[in-house]
1. Give segment 258-284 a look and list any residue that's more than 17 Å from A217 (Cα to Cα), part of a loop (DSSP other than H, G, I, E, B) and either in contact (Cβ under 8 Å) with a residue 60 or more places away in the chain or more than 16 Å from the chain's Cα centre (by Cα) (or both), or say none.
2. Would you confirm, using the coordinates I've provided, whether V340 is over 23 Å from W241 (Cβ atoms) and in contact with a Gly (Cβ under 6 Å, 6 or more places away or on another chain)?
3. In segment 355-384, what residues are in a strand (DSSP E or B) and either over 15 Å from K285 (Cβ atoms) or modelled with pLDDT under 95 (or both)?
4. Return the residues of segment 77-105 that are over 19 Å from V137 (Cβ atoms) and under 17 Å from the mean Cα position of the chain (by Cα); say none if nothing qualifies.
5. Give just the number: which of (1) assigned to a strand (DSSP E or B); (2) in contact with a Pro (Cβ under 9 Å, 6 or more places away or on another chain); (3) among the small types (G, A, S) does A148 not satisfy?
6. In segment 169-222, how many are outside any loop (DSSP other than H, G, I, E, B), in contact with an Asp or Glu (Cβ under 8 Å, 6 or more places away or on another chain) and of a type in the set (V, I, T)?
7. Of the conditions (1) under 19 Å from Q349 (Cβ atoms); (2) acidic (D, E); (3) modelled with pLDDT under 95, D338 fails just one. Which one is it?
8. Please determine, by comparing only the residues of segment 212-251 that are among the hydrophobic types (A, V, I, L, M, F, W, C) and more than 29 Å from D307 (Cβ to Cβ), which one is surrounded by the fewest Cβ atoms within 10 Å (Cβ to Cβ).
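The values are calculated or read from the model by the stated rules, or taken from the named source; none is laboratory data. Keep in mind the model is a prediction, meaning the values are calculated, not measured. Here the Cβ is made from the backbone with ideal geometry for all residues, glycine too, and neighbour counts use every protein chain on show.
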Amino acid sequence: MRPIIKILIIAIILVIAGFIVYWIWNKITDQTEPPTESQIPTSTVPTIPPVGADLKLKKLSDLTVFDFVISNAGEIFYFSEDGKVLNAKEGSDIEILSQTVSALNFIEKAPGSEKILAAFEDPKNPSWGIFDLIDKVWRPLPQEIINATWGEKSTELITLIKNKNEINLSYLDVSKPQPAQKIIIKDFKLKDLKLVFKSPQTLLLIEKPSNEYLGRAWQLDLKKLTLNLIIGPEKGLVLKWSDDKSLALKFSSPDNLLVLDQNLKILTPPVFSTLPQKCAFVASKKLIYCFVPQESTADSKFVLPDDYLMERLLTVDNLISLNLETDETTKIFSSGYDPVSPVDVRNPQVLGNSIYFINRYDNYIYKLELPEQMKEEGLFLPNP
């Protein structure tokens with residue numbers, strides 16, 4: 001081969017090698033900025049608005065909230081996290097009582113009354129009191145009470161109360177300055193329970209929810225003094241009753257939600273799952289509103305209800321209605337889509353054409369006004 005041909009071949013090889021080295025070097029050192037959101041082609045950006053984007057969602061309370069109640073007159077009263085009592089308004093809230101109460105852990109409004117039963121301080125050995133929304137004063141209760149719920153009237157509590165070395169299940173008449181005790185069962189053995197009175201003469205006793213043990217619920221006839229196991233044992237058992245006790249929601253692990261009637265018969269199973277404390281009843285209309293996590297937790301690392309109750313889990317919720325007369329479910333509202341912030345809902349309550357709830361992302365009360373056509377169909381409670 002002639003020398004000139006060899007030189008040409010070598011030169012071509014060097015040019016090709018140089019081009020390859022240059023191309024590789026440019027790839028390694030390329031510092032091009034990623035495109036901004038405005039630079040993304042519009043075809044890749046969702047253009048379908050989320051469900052309920054036109055509904056009005058507004059923050060209502062001025063302070064962070066432990067819990068709240070709706071009065072008989074349709075007013076929103078809440079206990080702030082430091083124990084103050086305020087009336088939530090569209091403008092500035094009205095302070096009802098500036099006195100603080102340390103470490104609230106429970107409140108329950110009396111049936112048909114403006115009195116609120118509360119437990120505070122050490123959850124294992126709480127102090128108890130009654131706040132009167134009309135008189136705007138706290139009334140302390142006997143220190144021996146370890147658990148309580150309202151009875152048939154706002155003048156009567158059903159309590160577990162210590163008496164020396166035993167604990168008695170008792171009625172407590174709070175109509176007088178010095179409460180009077182009437183023992184139902186002496187040395188009552190069931191403890192660490194949620195008490196729920198069901199008219200006319202039934203007390204429901206529900207073990208506190210956890211996935212770590214099998215929970216149970218009993219029914220005690222307060223006249224005959226007969227005790228029957230009605231639900232369980234089931235892991236993660238949570239029960240929530242409508243105010244009139246005609247409906248109940250039952251949750252059990254890992255992700256099982258059922259609607260029950262007053263006799264604990266299963267009604268139409270929902271096509272969704274959530275925790276009962278994220279639901280509100282309109283029992284007179286056979287309607288339930290539930291805030292449902294957008295992502296299922298059934299196959300996740302989280303364990304319900306424990307991780308939710310211990311605030312190790314936050315959810316992004318959609319609002320779904322369940323009509324028990326038609327078995328129809330309707331998705332009403334989606335959170336977490338611009339411009340709607342995410343909501344993780346606790347203790348929703350329906351009044352008029354709105355739902356009020358605590359958002360666990362910031363612990364303020366929010367008000368969500370619902371679709372007008374649902375009001376026209378009579379699917380709301382009337383304003384008082």
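1. L267, T268, P269, P270, V271
2. Details: over 23 Å from W241 (Cβ atoms): yes; in contact with a Gly (Cβ under 6 Å, 6 or more places away or on another chain): no.
It is false that V340 is over 23 Å from W241 (Cβ atoms) and in contact with a Gly (Cβ under 6 Å, 6 or more places away or on another chain).
3. So in segment 355-384, the residues in a strand (DSSP E or B) come out as 355-359, 364-369.
Answer for segment 355-384, where residues must be in a strand (DSSP E or B) and either over 15 Å from K285 (Cβ atoms) or modelled with pLDDT under 95 (or both): Y356, F357, I358, N359, Y364, I365, Y366, K367, L368, E369.
4. Looking only at segment 77-105, we keep the residues that are over 19 Å from V137 (Cβ atoms), and these are 81, 88-93, 103, 105.
Hits for segment 77-105 are E81, N105.
5. Only one criterion is unmet by A148, namely (2).
6. 1
7. Of the numbered conditions (1) under 19 Å from Q349 (Cβ atoms); (2) acidic (D, E); (3) modelled with pLDDT under 95, the odd one out for D338 is (1).
8. To start, the set of residues in segment 212-251 that are among the hydrophobic types (A, V, I, L, M, F, W, C) comprises 214, 217-218, 220, 222, 225, 227, 229-231, 237-239, 241, 247-249, 251.
If we keep only those that are more than 29 Å from D307 (Cβ to Cβ) as well, we get 220, 222, 225, 227.
Working: L220: 22, L222: 19, L225: 10, L227: 13.
Only one residue fits best here, namely L225.
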